Amino acid sequence: MFSKTTKIKYLVPLGLAVAVAGGAVSLALADDDQDRSSHRPAMILEVNRNGKTLLRGTVESVASSTLTLKSWGGNWTIKTSSDTKIHPRVNGTSTLSAFETGDFVGVIGQVSETENFTVNAKIIRNWTLKKEVKTDKQEGKKEVKEAKKEGAKLFVGVAGNVASSSLTLNSKNKIYSVLVASSTKILNRHWLNINLSNIRVNDKIRIFGILHGTSTTDIDAEVIRDISLP
């Protein structure tokens, strides 16, 4: 019996029994120094005496409610339910739809007692996506700063009609026509990239842009930020 978490520094056989009565098993990559120097994320498998699991590995495939995760012992099936918490949220949703093959993912859950190499997930965290989201936030804020330097003004109001490359802005009893170019940055309240089609009528929006020519109602948009979207 194991009384404490055991660190195992060698590759385990594919027939690993993950349910360990009376203790816990923890598996990590063999060469820790190499991982630190190359910044390569470490695969982890930890199972306690009650079957509670911490698993980290690389996504092999994605379905609507399951993941196949490559980690210690081979490929693991990660099952989700309505109670599973999925991070990070993307465009206001917490689903597997933003996950891709090759993403590095961590899972906390319960090892199945009836299915081999299967974990019923309570929490799933996509570390690759989290890094991308952080980068998007930084780029979004940078775009606003650049727009201000170029003389863009802030227009605040609510969205009216939304078309394929334009929308209307109702602000202070005035209606503006907002022209959206391919270079226009469109963000949600968390500074993450969204599509123009995600904006809905009456959403609160902030636009950094320049009045077109001599017009007082046409805005060439540099950045559009919908602060109603989560």
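The values are calculated or read from the model by the stated rules, or taken from the named source; none is laboratory data. Keep in mind that this is a model prediction, so the values were computed, not measured. As a convention, Cβ positions derive from the backbone with ideal geometry for all residues, glycine included, and neighbour counts pool all protein chains shown.
Any chance you could count how many residues in the range 193-212 are under 15 Å from residue 165 (Cβ atoms) and either in contact with a helix residue (DSSP H, G or I) (Cβ under 6 Å, 6 or more places away or on another chain) or in a strand (DSSP E or B) (or both)?
Here the count works out to 2.
Please give the number of the condition residue 135 fails out of (1) surrounded by 16 or more Cβ atoms within 10 Å (Cβ to Cβ); (2) of a type in the set (Ser, Thr, Tyr); (3) at pLDDT below 80.
The number of the failed condition is (1).
Regarding residue 35, is this residue farther than 24 Å from residue 129 by Cα, of a type in the set (D, E, K, R) and at pLDDT below 50?
No; evaluated as a whole, the condition is false for this residue.
Listed here are the residues, each with its yes/no results for (1) touching a Gly at 6+ places or on another chain (Cβ under 6 Å); (2) at pLDDT below 90; (3) surrounded by fewer than 19 Cβ atoms within 10 Å (Cβ to Cβ); (4) not in a strand (DSSP E or B).
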site	(1), (2), (3), (4)
167	no, no, no, no
177	no, no, yes, no
186	no, no, no, no
214	no, yes, yes, yes
219	yes, no, no, no
224	no, no, no, no
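Output the residue which, of all residues in the range 96-135 that are touching a strand residue (DSSP E or B) at 6+ places or on another chain (Cβ under 7 Å) and of a type in the set (Gly, Ala, Ser), is farthest from residue 84 (Cα to Cα).
Restricting to residues being touching a strand residue (DSSP E or B) at 6+ places or on another chain (Cβ under 7 Å) and of a type in the set (Gly, Ala, Ser), the top hit is 102.
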